[in-house]
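S.K.: One structure, as structure tokens, below. Some questions next.
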Amino acid sequence: MTMTDERLLDLIETYGAEPMGWPEAERDAALAHLSANRVQFEPALRDARLIDGILAIDEMPDVPSGLAERILAVAPQAGASRRGIGARLRSIIMPNGARWPAGAALASLAMGLVGGYATAATSSDLYPSTEETVVYAALGYDGLSNFLEEVDG
Amino acid sequence: MAQAALVNRHMPVVWRVAYRMLKDREEAEDVTQETFLRAWKMLPDWQDRAKFSTWACTVAINLCRDKLKKRAPVLMDELPEHEDSGLKPDQALSQKQAGERISALIDALPDRQKEALTLCAFEGMGNIEAAESMGISVEALESLLSRARRKLRDQLAEVQEA
């Protein structure tokens, strides 16, 4: 990419004096042009450093505590559909709750079925749900293992 | 775990963008929660969508713009060009006071300039992604950024001359 005096001046006035803030596609060319013409751009760099310094000390309050938890509380949970099946099953068997012995017996049966399903489901927790797969993809990872590799370093 | 990772990675950025735009903790929190609420609804159809950070910032910025429109009869880009920060060069300001005055200078920028500055200068977002988040071209983003920085520089010069 060719760099001109005018464009380098634009970059400094637009993105500041710190090359890391310049667009990646133009950075190398801009740095090469700057190193060859340092004196010419020094006044612009000085002005830009002043604004960079001002922006660097601007205060920012902390993120409210508990916000992440409040957001996650309404997130779709892995296996939500499984619990949904259990809830629907219970509501079908006991639309008004367990009020009579037969209802209690059916409730036991239902709990056994749901419990068995939940136990069976535990072994599959090693595999991400559809929602999780999509989230990892949105994060730019192929899956949990890749995500953990980066997080754990 | 995946949802927590997504929130931990992107929620602080969304909140900071919203806070810088609104300068109100509760409203910024509302915007952040609403952004993720929409994300949860979108998840099943996420494929082929934009990068999550771009999408989340776009949603948050639009929500902030809606709130700002409702807030007061001040049109975007018609905010005062200059606000007297009260900063005197001979004042020995504590870091906190200096920070507050600098925040006031930045707050006085027109909303669109503040958005551009928030995404690029504060959040370190690349120009293409920032422009996409704001729904404008890269050229328009650069124009907003350079005008914002020029305005800050002029205000500082005025303060120093005062």
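S.K.: Need one number: nm distance between label points at residue A:74 and residue A:31, each 7 Å from Cα along Cα→Cβ, rounded to one decimal.
M.R.: Using points 7 Å along Cα→Cβ, the separation is 4.5 nm.
S.K.: Separate question: When you look at the Cβ of every residue in A:20-31, what mean number of other chain Cβ atoms sits within 10 Å?
M.R.: Numbers: counts 1, 6, 1, 6, 3, 3, 1, 0, 0, 0, 0, 0.
Mean partner shielding for this stretch: 2.
S.K.: With a ≥ b ≥ c the root eigenvalues of the C-alpha gyration tensor of the range A:5-56, is it rounded (a/c under 1.5), prolate (a/b larger than b/c) or oblate?
M.R.: Numbers: a/c = 2.04, a/b = 1.28, b/c = 1.59.
Oblate.
S.K.: Taking +1 at the Cβ of each Lys and Arg and -1 at the Cβ of each Asp and Glu, which of B:106, B:124, B:134 sits farthest along the dipole of the range B:88-162 towards its positive end, judged by Cα position relative to the Cα centre?
M.R.: Looking along the dipole axis, the top candidate is B:106.
S.K.: Counting Lys and Arg as +1 and Asp and Glu as -1, each charge on the Cβ, what is the dipole of the range B:1-73 about the Cα centre in debye, to the nearest 20? The partial results should precede the final answer.
M.R.: Values: 14 positive and 9 negative charges, 57 e Å.
It works out to roughly 280 debye.
S.K.: Quick one: go through the range A:61-78 and flag any residue whose amide nitrogen is under 18 Å from the point 7 Å out along the Cα-to-Cβ line of residue B:45.
M.R.: A:76
S.K.: Give the order of B:142, B:27 when sorted by the count of other beta carbons within 10 angstrom, beginning with the fewest. Present the calculation step by step, with values, prior to reporting the outcome.
M.R.: Working: B:142 22, B:27 18.
Ordered from fewest to most neighbouring Cβ atoms within 10 Å, B:142, B:27 come out as B:27, B:142.
S.K.: Give, rounded to the nearest 20 debye, the magnitude of the charge dipole that the range A:5-56 has about its Cα centre when Lys and Arg contribute +1 at Cβ and Asp and Glu contribute -1 at Cβ. Before the final figure, lay out each step's value.
M.R.: Numbers: 5 positive and 11 negative charges, 36 e Å.
Around 180 debye, computed over the range A:5-56.
S.K.: The range B:100-153 to the range B:9-53: how many Å between their Cα centroids?
M.R.: Spelled out, the Cα-based centre of one part sits 19 Å from the other.
S.K.: Label residue A:39 and residue B:154 with points 7 Å out from Cα along Cα→Cβ: what is the distance between them in nm?
M.R.: Label at residue A:39, label at residue B:154, 3.2 nm between them.
S.K.: Here's another thing I want to ask about it. Could the peptides B:145-156, A:39-50 be put in order, highest first, of the mean number of other beta-carbon atoms found within 10 Å of their residues?
M.R.: In decreasing order of mean packing, B:145-156, A:39-50 become B:145-156, A:39-50.
Throughout, read-outs are computed from the coordinates displayed, never taken from laboratory work. Predicted, not measured: the structure shown is a model, and the values here were computed from it. Neighbour counts run over all protein chains shown; Cβ positions are idealised from the backbone, glycine included.
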